[in-house]
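Trainee: Below is one structure. I have some questions about it.
Readers should treat all values here as calculations from the given coordinates under stated rules, not as data from a laboratory. Note that the coordinates shown come from a computational prediction; the quantities given were computed from them, not determined experimentally. A quick note on method: Cβ atoms are made from the backbone with ideal geometry, for glycine too, and the neighbour counts reach across all protein chains shown.
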Amino acid sequence: MWWSVLPQLVGAALLLVAPGLLVALGLRYRGFDALGLSPALSVGVIVLASTLSPFLHVRFTVLPVAIVAVALGVIAWFVSRFRPRAGEMPRPGLWRRSAPFVACALALAVVGARVMQAIGGPEHFSQTYDAVFHLNSVKYALDTGNASSLTIGDMTGGGFYPAGWNAVATLVASTFALDVPVAVNLTSIVLAAVFWPLGCVLAARWTIGRSSAVALAAGIASASLGAFPLLMMDFGVLYPNLLSISILPGSIALAAAISRVSPAWVPRDLSAVLALLLSLAGLLVAHPTTFMAWLTWTAPMVGVLAWKAFKLRRRGLLRLGRARFMVPLIGYCVVFLILWIVLRPPSDASFWGPYHTVPQALGEAIVFSPLDLPAAWLVAPVALLGLWAALGRIRYKWLAGVFLIFTVLFVVVSGFPISRVRSILTGVWYNDSYRIAALLPLVAVLLAAVGVEWICHNPYLSQLFKRVFRRSGPGIRRSGLRNALQYALAAVLVAVAVVVGQVGGVNKEVEQAASKYALSADSPLVSSDELAIFQRLHNDVPQDAILIGNPYTGAALSYALGDRKSAQLHILSYVSPDLQEIYDHLDAVSKDPAVCRAVRSEHSYYVLDFGLLEVHGGNHTPAGLTRLDQNPGVQLVDSQGNAKLYKITAC
């Protein structure tokens with residue numbers, strides 16, 4: 001059970017936070033600011049280390065990551081050594097300094113428990129289509145010592161592949177000598193329960209304020225929405241999106257600081273620029289579509305900057321020529337447009353259609369419960385209150401603009417028919433409702449924090465709160481007891497909010513995700529019988545053998561789960577002419593010499609027969625792999641239930 005891997009889980013969290021924390025401290029961020037920036041900066045460090053390792057002819061392990069982290073930390077210290085410490089101003093009280101840590105600890109406990117509940121056990125794995133590539137890619141990186149985005153695509157016969165997640169999971173697996181499924185699951189827990197809340201609380205503090213209420217609201221809200229992080233562990237499985245969206249809030253916080261839509265105390269000097277560049281390097285390689293989501297977030301910020309500059313110029317306070325202002329603005333728009341066109345997947349991968357009508361999709365977006373999830377009873381009302389407050393305050397209007405943009409995108413992708421307009425607007429995200437749905441929770445978290453801040457600073461509610469305490473009896477007027485009662489009431493409210501936040505969407509998403517990780521006799525990708533065959537492969541199959549099988553049945557996972565390489569490490573891997581010959585004509589191996597030549601060329605003397613059940617319910621069984629039990633050229637080596645292992649004896 002999970003207790004058996006608790007030390008490795010804690011170690012994985014420290015391992016993945018430490019590189020970014022070192023760089024953040026070098027940039028002179030302190031306290032929670034340094035910790036909150038760590039996830040985004042860590043991924044940037046890991047991506048750089050994984051990319052540089054092949055050029056330096058060293059294996060990708062914790063050593064190159066540590067070297068890159070130390071080097072960047074030293075450079076950061078050198079660059080910022082003459083600058084004042086980021087965010088220095090009169091120190092707030094102990095509770096205000098502690099609140100963001102408490103908020104993240106609450107979210108860590110809640111999200112961590114729900115993710116563990118969804119996965120079921122540390123050795124479980126996702127029974128979904130993309131799990132084949134993701135699990136095998138970690139095994140491939142461990143065997144080759146290479147997790148670079150430039151070369152990991154060689155595993156499937158492809159080219160460049162954004163391998164940020166693959167590098168992160170491989171780092172965890174290699175550092176703690178874990179089996180691939182365990183390493184992937186521990187990585188998922190860290191991303192969901194550590195990275196995501198840290199980023200959300202940081203983004204809330206840097207865009208709204210550093211009050212205790214804002215921190216607690218952001219922490220609780222980050223753990224109370226079904227659309228992220230659990231949705232990315234349910235659908236797909238989209239591990240790269242899980243990583244990229246979990247570090248998106250940190251990159252948005254830095255953009256808010258640089259664009260000056262954040263409070264005045266937030267650091268917005270060279271340190272913020274350098275931190276943003278490193279975080280964007282990690283974000284881009286984690287998943288380019290989430291980098292495009294970051295660009296979408298920045299558009300309202302740039303709009304605010306342009307409006308402020310226009311107003312200052314009209315008042316004669318801005319002494320810049322029109323060209324010096326317009327050139328950067330036009331340049332931003334041109335770069336945005338170019339990236340919007342270029343950074344999108346191929347059209348044959350963007351085939352997803354709508355699943356709702358426009359009114360249904362609009363309703364789901366407004367209550368932050370996409371894809372038929374129950375309403376977010378805790379977050380939605382507070383977030384909508386925050387939206388109302390944001391519309392009434394110039395400081396938060398950009399956030400209302402972000403809500404409008406992502407609501408429109410979700411309505412278009414989920415409710416519009418397949419068309420050119422739909423592809424132009426949402427093709428960046430594969431025209432996929434799930435990927436855009438997972439971007440809505442961050443908007444909800446920040447709007448909920450605005451809503452809570454409005455409640456706390458509303459004069460009528462403040463007066464009502466004071467009257468309640470004043471009328472509680474003469475002894476209550478003493479400040480010590482009154483403060484104790486206030487803290488007790490706050491603790492009760494927090495506990496109630498945590499419980500209510502799990503009702504509805506989160507509960508349903510845990511249930512849905514759990515069904516994707518369950519191992520049974522009829523699991524869609526790898527059944528219990530098939531897993532048993534994998535676990536016995538070392539008894540019957542040589543280490544250097546290449547196994548043949550229909551990858552749609554899960555046979556391709558012999559590599560990650562059985563330590564024996566499959567001819568196809570991904571369902572859509574490149575198929576060589578020799579492999580195609582085996583697929584098409586293995587049933588004639590006793591008569592056709594060409595088949596044996598192909599078997600020898602591929603060194604493929606073993607065949608996995610996992611029946612006709614495929615992960616998506618289709619039928620892709622090659623003609624040569626049918627009726628193996630009647631093929632005189634093969635011999636049964638092992639079997640359990642409907643899962644069988646054959647050896648080609650005719651060659």
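Trainee: Taking the Cα atoms only, what angle lies between the long axis of helix 6-26 and the longest principal axis of the chain, rounded to 10 degrees?
Mentor: 50
Trainee: What share of the DSSP beta bridges in the chain is antiparallel, in percent to the nearest 5? Let's see the in-between values first.
Mentor: Numbers: 10 of 14 bridges.
Percent antiparallel among DSSP bridges in the chain is about 70.
Trainee: What order do you get for Leu202, Leu329 when you list them from fewest to most C-beta neighbours inside 10 Å? Numbers along the way, then the final one.
Mentor: Values: Leu202 28, Leu329 14.
In order of increasing Cβ crowding within 10 Å: Leu329, Leu202.
Trainee: Compute all pairwise cysteine Cβ distances in the chain, then list the cysteines with no distance under 4.7 Å to another cysteine.
Mentor: Lone cysteines by the Cβ rule: Cys104, Cys200, Cys333, Cys456.
Trainee: With 10 angstrom as the radius, rank Met233, Met155, Met1 by how many other C-beta atoms surround their C-beta, starting from the fewest. Let's see the in-between values first.
Mentor: On the way: Met233 29, Met155 23, Met1 10.
Least to most surrounded, the residues fall as Met1, Met155, Met233.
Trainee: Could you work out the equivalent-ellipsoid semi-axes for the range 351-401, taking the square root of 5 times each eigenvalue of the Cα gyration tensor, largest first, in whole Å?
Mentor: On the way: eigenvalues 126, 40, 12 Å².
Largest first, the range 351-401 gives 25, 14, 8 Å.
Trainee: Classify the range 528-648: rounded, prolate or oblate, from the alpha-carbon gyration tensor (a ≥ b ≥ c, eigenvalue square roots; a/c under 1.5 rounded; otherwise prolate if a/b is larger than b/c)?
Mentor: It comes out rounded by the Cα gyration axes.
Trainee: Express in nm, to one decimal, how much length is gained between Phe78 and Arg96 on full extension, taking 0.36 nm for each residue of separation and deducting their alpha carbon distance. Could you put the intermediate results ahead of the total?
Mentor: Details: separation 18, 0.36 × 18 = 6.48 nm, distance 3.08 nm.
Fully extending the segment from Phe78 to Arg96 adds 3.4 nm.
Trainee: Karplus couplings for the range 260-274 from phi (6.51 cos²θ - 1.76 cosθ + 1.60, θ = phi - 60°), rounded to Hz, Gly and Pro as x?
Mentor: 6, 9, 8, x, 4, 6, 6, x, 9, 9, 4, 4, 5, 5, 5
Trainee: Can I ask one more? What FRET efficiency comes out for the pair Gln630/Ser347, r = Cβ-Cβ distance, R0 = 45 Å, nearest 0.05? Let's see the in-between values first.
Mentor: On the way: r = 42 Å, r/R0 = 0.94.
FRET efficiency, Gln630 to Ser347: 0.60.
Trainee: Lysines within cross-link reach of Lys308: Cα-Cα under 24 Å, excluding same-chain residues under 8 positions apart?
Mentor: In chain and number order, the partners are Lys397.
Trainee: Related question: Treat every Asp and Glu Cβ in the chain as -1 and every Lys and Arg Cβ as +1, leave all other atoms uncharged, and give the resulting dipole magnitude about the Cα centre to the nearest 20 debye. Can you show the working numbers first?
Mentor: On the way: 48 positive and 32 negative charges, 1068 e Å.
Around 5140 debye, computed over the chain.
Trainee: At a Förster distance of 51 Å, what's the computed FRET efficiency of Ser419 paired with Ile455, Cβ-Cβ distance as r, to 0.05?
Mentor: Details: r = 42 Å, r/R0 = 0.83.
Efficiency, from the Cβ-Cβ distance: 0.75.
Trainee: Take the residue pairs Lys516/Lys565; Lys591/Lys644; Lys591/Lys647; Lys139/Lys565; Lys565/Lys591 and return only those whose Cα atoms are more than 19 Å apart. The partial results should precede the final answer.
Mentor: Details: Lys516/Lys565 24 Å; Lys591/Lys644 23 Å; Lys591/Lys647 17 Å; Lys139/Lys565 10 Å; Lys565/Lys591 27 Å.
As for pairs spanning more than 19 Å Cα to Cα, those are Lys516/Lys565; Lys591/Lys644; Lys565/Lys591.
Trainee: Under the definition of Cα pairs under 8 Å and six or more residues apart, what whole-number percent is the relative contact order of the chain?
Mentor: With pairs under 8 Å counted, the relative contact order is 15 percent.
Trainee: Taking every pair of alpha-carbon atoms in the range 534-601, give the share separated by more than 16 Å as a whole percent. Could you put the intermediate results ahead of the total?
Mentor: Numbers: 1111 of 2278 pairs.
Result: 49 percent of Cα pairs exceed 16 Å.
Trainee: Extension gain Val327-Trp377, at 0.36 nm per residue separation less the Cα-Cα distance, in nm?
Mentor: Details: separation 50, 0.36 × 50 = 18.00 nm, distance 4.57 nm.
Working it through step by step, the gained length comes to 13.4 nm.
Trainee: Suppose only helical runs count, i.e. DSSP H with n ≥ 4. What mean residue ellipticity at 222 nm does that imply for the chain under -39500 (n - 2.57) per run, divided by all residues and rounded to the nearest 500 deg cm²/dmol?
Mentor: Working: 28 runs with 398 residues, N = 651.
That calculation yields -20000 deg cm²/dmol at 222 nm.
Trainee: When Val637, Val266 are ordered from fewest to most other Cβ atoms inside 10 Å of their Cβ, what list results?
Mentor: On the way: Val637 18, Val266 22.
The order, fewest Cβ neighbours first, is Val637, Val266.
Trainee: Can you give me the distance in nm between label points at Ala488 and Val575, each placed 7 Å from the Cα along the Cα-to-Cβ direction?
Mentor: In this crude spin-label approximation the distance works out to 7.1 nm.
Trainee: Can you give the angle from 0 to 90° between the axis of helix 379-391 and the longest principal axis of the chain, with both taken from C-alpha atoms, to the nearest 10?
Mentor: 50
Trainee: Between Glu602 and Leu337, how many nm apart are label points set 7 Å from Cα along the C-beta direction?
Mentor: Going from the Glu602 label point to the Leu337 one covers 4.9 nm.
Trainee: Another one. Restricting to bridges with both residues inside the range 528-648, how much of the DSSP beta-bridge set is antiparallel, in percent to the nearest 5? It would help to have the intermediate numbers written out before the result.
Mentor: On the way: 10 of 14 bridges.
Given both bridge residues lie in the range 528-648, the antiparallel proportion sits at roughly 70 percent.
Trainee: Based on the Cβ-Cβ distance of Ser590 and Phe160, what FRET efficiency does E = 1/(1 + (r/R0)^6) give at R0 = 45 Å, to the nearest 0.05?
Mentor: Numbers: r = 43 Å, r/R0 = 0.95.
Approximately 0.60, to the nearest 0.05.
Trainee: Enumerate the calculated ³J(HN,Hα) couplings along the range 67-77 in order (Karplus 6.51 cos²θ - 1.76 cosθ + 1.60, θ = phi - 60°), each rounded to whole Hz, writing x wherever the residue is Gly or Pro.
Mentor: 5, 5, 4, 5, 4, 5, x, 5, 4, 4, 5
Trainee: Just check the range 37-171 against the gyration tensor rule for me: Cα atoms, a ≥ b ≥ c as the square roots of the eigenvalues, rounded for a/c under 1.5, and otherwise prolate or oblate depending on whether a/b exceeds b/c.
Mentor: Working: a/c = 3.26, a/b = 1.30, b/c = 2.50.
The shape class here is oblate.
Trainee: While we're looking at this one, here's another question. Give me the net charge of Val184's neighbourhood, meaning all other residues with Cβ under 14 Å from the Cβ of Val184; Lys, Arg count +1, Asp, Glu -1.
Mentor: Working: positive: Lys139, Lys516; negative: Glu123, Asp130, Asp179.
Neighbourhood net charge equals -1.
Trainee: Right, something else. What spacing in nm lies between the two simple spin-label points modelled at Ser520 and Leu613, each 7 Å away from Cα in the Cβ direction?
Mentor: The modelled label-to-label distance comes out at 0.9 nm.
Trainee: How do 135-144, 216-225 rank on mean C-beta neighbours within 10 Å, highest first?
Mentor: Numbers: 135-144: 23.4, 216-225: 30.7.
Highest-to-lowest ranking by the protection proxy: 216-225, 135-144.
Trainee: If you plug each phi of the range 240-250 into the Karplus form 6.51 cos²θ - 1.76 cosθ + 1.60 with θ = phi - 60°, what whole-Hz ³J(HN,Hα) values come out, in order, with x for Gly and Pro?
Mentor: Once θ is set to phi - 60°, the couplings for the range 240-250 become x, 5, 4, 5, 5, 6, 5, 9, 4, x, x Hz.
Trainee: Here's a follow-up. What angle, in degrees between 0 and 90 and rounded to the nearest 10, separates the Cα long axis of helix 288-314 from the longest principal axis of the Cα atoms of the chain?
Mentor: 20
Trainee: Students often check this: by mean Cβ neighbours within 10 Å, which of 337-345, 410-418 ranks highest, and how do the rest follow?
Mentor: So the order, starting with the most tightly packed, is 410-418, 337-345.
Trainee: Can you bin every Cα-Cα distance in the range 137-222 into 5 Å intervals starting at zero and give me the percent of pairs per bin, rounded to whole numbers?
Mentor: Reading upward from the zero bin: 3, 15, 19, 14, 12, 11, 10, 9, 6, 2, 0.
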